[in-house]
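Shown next, in structure tokens, is the structure this report addresses.
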Amino acid sequence: MAYYSPVDFLQDEEFIEGMKRRQNGELSLTWMDAATERVRCSPQSPRRGMTYKDINVGSYSTDAIPEVIRSHRTMAPRGSALPLGLPDMGYLVNRKSEVWANNILALYEESKTRQWNASTDIDWCALPDCQITDDMEKAFCQLCTLLTEVEMIATDLPAKWIPLINHDMIELKSLLCMQAVDEARHTEVFRKRALANGVGLLQASVVAEHALKGILDADTYTQASVFLHLLGEGFILSTFRNGEAIAPTAVDKKIFRLVMQDEARHVSYGMMHLKYFLRAHPSRAEEIHFMLDEAETLMIGLLGSAELAEPLIILAGKGFGREHIERGVELTLFNQLKAIDEYFGRLEHAGLEGRRERSQFTKLLAMLA
Ligand SMILES: [Fe+2]
Ligand SMILES: [Fe+2]
């Protein structure tokens, strides 16, 4: 099939003449007269270097992004001159409030400085010397199987939306790229951990994957973000915060510490995005509640599944004996109640009122009482 081009430059005599003139040293220099803002930006802190905040000035700044980007849907850098004829990229997210948050620039810079390497920053060679029973190793490998299964959704979801978001929101798109890299690393570290100490991967989870599918199927970016960043990753963050208590070895404690700092950024963005969204669209709070009614049900399925709940109980109780299990059940319930409370707290901080009363978690807790 012949390659189609909107302009066949080889048939364009004026273009060819222009090339010939340039070869003879006759330059047009039209770009020199672009009516763009002249600026001179420099790092506020030599240690941090040139950050996005340092160049967040005038017509180049994030304040220059209008709430609705009507003027263009092109790849032109924000602040540049826009000649006629730029192609329409077909972006579907052209409203700032549908993706924005007030901490994007800082989170992007932090995400670069806190990158780590799952191959070299974990002391894999120390694992065989760690004291761990075969049963505890199996419980941890089941948890790693589940985590390997769920982590990649937080790569797939940003990757699905990035090409649909208007290019003017370049800092946000860059932050989502960093999240995708973070989550690829999380998938990597848990997969490696499962294979590193004699057991391997164990059982995949039907309910986990239905929950992940629900995130991908969300109707809008904001709905997907609340589901992923606040509900899904909020619970993952709370689990990692308990890493000290459930990690069977010092190597595993370090893994949890490292993934936790990444998750904290993702959750922080999600919370601040919901806040920005609700301030711009207070009447759309019901839309978020409606989505959460279903999303929380999927999450309850995951939290109550044998593939997740049982290894958590065994790891928290530090063993399989009756006393260990009882202790594990008590600690896991305590941790999950804390995670639910933190989730409500984040929604309230973002300005979503009334979730505690309406939540599926509240209904579940009443049924279990
Ligand atoms: Fe993650
Ligand atoms: Fe994450």
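The values are calculated or read from the model by the stated rules, or taken from the named source; none is laboratory data. Treat the numbers as computed from the prediction; the structure is a model and nothing was measured. All Cβ positions, even for glycine, are placed from backbone atoms using ideal geometry, and neighbour counts span all protein chains on display. The accessibility values were calculated without ligands, DNA or RNA, using every heavy atom of the protein model including side chains. Shrake-Rupley method; radii C 1.70, N 1.55, O 1.52, S 1.80 Å.
Can you report the number of residues in the range 237-255 which are buried (at least 21 other Cβ atoms within 10 Å of the Cβ) and either within 10 Å of ligand 2 (Cβ to nearest atom) or without any contact (Cβ under 8 Å) to a residue 60 or more places away in the chain (or both)?
Count: 2.
Out of all the residues in the range 256-287, which are of a type in the set (Ser, Thr, Tyr) and either within 16 Å of ligand 2 (Cβ to nearest atom) or open to solvent by less than 20 Å² (accessible area, probe 1.4 Å) (or both)? Before you say what the answer is, go through the steps one by one.
As a first pass, look at the range 256-287 and keep what is of a type in the set (Ser, Thr, Tyr): 268-269, 276, 283.
Passing the criteria: Ser268, Tyr269.
The rows are residues; the columns are (1) part of a helix (DSSP H, G or I); (2) within 16 Å of ligand 2 (Cβ to nearest atom); (3) at pLDDT 95 or above; (4) open to solvent by less than 40 Å² (accessible area, probe 1.4 Å).
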| residue | (1), (2), (3), (4) |
| --- | --- |
| Cys177 | yes, yes, yes, no |
| Val181 | yes, yes, yes, no |
| His186 | yes, yes, yes, yes |
| Lys192 | yes, no, yes, no |
| Gly198 | no, no, no, no |
| Gln203 | no, no, yes, no |
| Glu209 | yes, no, no, no |
| Thr222 | yes, no, yes, yes |
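Might you let me know whether the range 226-234 holds any residue that is acidic (Asp, Glu) and more than 16 Å from ligand 2 (Cβ to nearest atom)?
Step one: list which residues in the range 226-234 are acidic (Asp, Glu), which gives 233.
Next cut, more than 16 Å from ligand 2 (Cβ to nearest atom) only: none.
No, the range 226-234 contains no residue that is acidic (Asp, Glu) and more than 16 Å from ligand 2 (Cβ to nearest atom).
Quick check on the range 133-148. Is at least one of its residues open to solvent by less than 80 Å² (accessible area, probe 1.4 Å), assigned to a loop (DSSP other than H, G, I, E, B), at negative phi and touching an Asp or Glu at 6+ places or on another chain (Cβ under 9 Å)?
Scanning the range 133-148, I find no residue that is open to solvent by less than 80 Å² (accessible area, probe 1.4 Å), assigned to a loop (DSSP other than H, G, I, E, B), at negative phi and touching an Asp or Glu at 6+ places or on another chain (Cβ under 9 Å), so the answer is no.
Take Phe290 and tell me if it is more than 16 Å from ligand 2 (Cβ to nearest atom) and outside any helix (DSSP H, G or I).
Working: more than 16 Å from ligand 2 (Cβ to nearest atom): yes; outside any helix (DSSP H, G or I): no.
Against the criterion (more than 16 Å from ligand 2 (Cβ to nearest atom) and outside any helix (DSSP H, G or I)), Phe290 does not qualify.
Do any residues in the range 150-165 that are of a type in the set (Lys, Arg) have Cβ atoms under 9 Å from those of residues that are more than 14 Å from ligand 1 (Cβ to nearest atom) and at pLDDT below 95, where the two are at least six apart or on different chains, and which pairs are they?
Lys160/Leu216
Just wondering, is there one or more residues in the range 346-367 that are under 28 Å from Ala139 (Cβ atoms) and either under 22 Å from the mean Cα position of the chain (by Cα) or small (Gly, Ala, Ser) (or both)?
Step one: list which residues in the range 346-367 are under 28 Å from Ala139 (Cβ atoms), which gives 360-361, 364-365, 367.
Still in the list and also either under 22 Å from the mean Cα position of the chain (by Cα) or small (Gly, Ala, Ser) (or both): none.
Scanning the range 346-367, I find no residue that is under 28 Å from Ala139 (Cβ atoms) and either under 22 Å from the mean Cα position of the chain (by Cα) or small (Gly, Ala, Ser) (or both), so the answer is no.
One residue is enough: does the range 291-300 have a residue meeting the conditions open to solvent by 10 Å² or more (accessible area, probe 1.4 Å) and among the polar types (S, T, N, Q)? Give the derivation first.
Of the residues in the range 291-300, the ones open to solvent by 10 Å² or more (accessible area, probe 1.4 Å) are 291, 293-294, 297-300.
Cutting the leftovers down to among the polar types (S, T, N, Q) gives us 297.
So far as the range 291-300 goes, yes, one or more of its residues are open to solvent by 10 Å² or more (accessible area, probe 1.4 Å) and among the polar types (S, T, N, Q).
Of everything in the range 19-57, what is of a type in the set (Lys, Arg) and either within 22 Å of Pro77 (Cβ to Cβ) or free of Cβ contacts under 8 Å to residues at least 60 places away in the same chain (or both)? Give them in sequence order. First the steps, then the outcome.
Kept after step one, since they are of a type in the set (Lys, Arg), are these residues of the range 19-57: 20-22, 38, 40, 47-48, 53.
Matches in the range 19-57: Lys20, Arg21, Arg22, Arg38, Arg40, Arg47, Lys53.
Identify all residues within the range 170-186 that are more than 10 Å from ligand 1 (Cβ to nearest atom), touching a Ser or Thr at 6+ places or on another chain (Cβ under 6 Å) and of a type in the set (Gly, Ala, Ser); write none if there are none.
Step one: list which residues in the range 170-186 are more than 10 Å from ligand 1 (Cβ to nearest atom), which gives 170-178, 180-181.
If we keep only those that are touching a Ser or Thr at 6+ places or on another chain (Cβ under 6 Å) as well, we get 178, 180.
Correct list: Ala180 only.
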